[in-house]
Amino acid sequence: MSSQVVVKIFDKHYTLGVDQEHPAEHVQQLAEMVDERMHEIEREVKGGSPLQVAILASLSLVEELLTLRKDYASAEADIASRTSQLATSLGHLFAEVEAPRSDR
């Protein structure tokens, strides 16, 4: 069942749909982030129209998203590399432990 939540972004109220995948608290948090970024941009770009502020805020948020995705992919690759190195090291260690010793 879908319901609605009213959020305030850049001094305007919007009614947005919410559901199980996007609960009211989550939608409210998103709206607060957008509102905050728009007010930050407004302070930097004095005299900009609400549309200009919205576009610049969107670009700023997408830039942040792309940076986080790049950082995530880099961390994921680093973890995969370290996991592979660890597996190789453990493989060598187990091979040494299981190898028959000639001095027994």
Among Leu16, Leu61, Leu93, whose mean-square fluctuation peaks in a Gaussian network model of the chain (Cα, cutoff 10 Å)?
Leu93
Could you state the angle between the C-alpha long axis of helix 50-98 and the longest principal axis of the C-alpha atoms of the chain, as a value from 0 to 90 degrees rounded to the nearest 10?
10 degrees
Give the order of Tyr72, Tyr14 when sorted by the count of other beta carbons within 10 angstrom, beginning with the fewest.
Tyr72, Tyr14
So the angle from the long Cα axis of helix 24-44 to the longest Cα principal axis of the chain, reported in degrees to the nearest 10, equals 70 degrees
Space enclosed by the convex hull of the alpha-carbon atoms of segment 3-98, per residue, Å³
127 Å³
Order of His39, His26 - criterion: other Cβ atoms within 10 Å of each residue's Cβ, fewest first:
His26, His39
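Which value in deg cm²/dmol, rounded to the nearest 500, describes the helix-derived mean residue ellipticity at 222 nm for the chain, given -39,500 (n - 2.57) per DSSP H run of n ≥ 4 and division by the residue count?
Values: 2 runs with 70 residues, N = 104.
Value at 222 nm, helices only, nearest 500: -24500 deg cm²/dmol.
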When only C-alpha pairs under 8 Å and at least 6 residues apart count, what is the relative contact order of the chain, in percent?
15 percent
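FYI, it's all coordinate maths here, none of it is from the lab. Given the structure is predicted, the values throughout are model-derived calculations rather than measurements. Don't worry about glycine lacking a Cβ; one is built from the backbone with ideal geometry, like all the others, and counts go over all protein chains shown.
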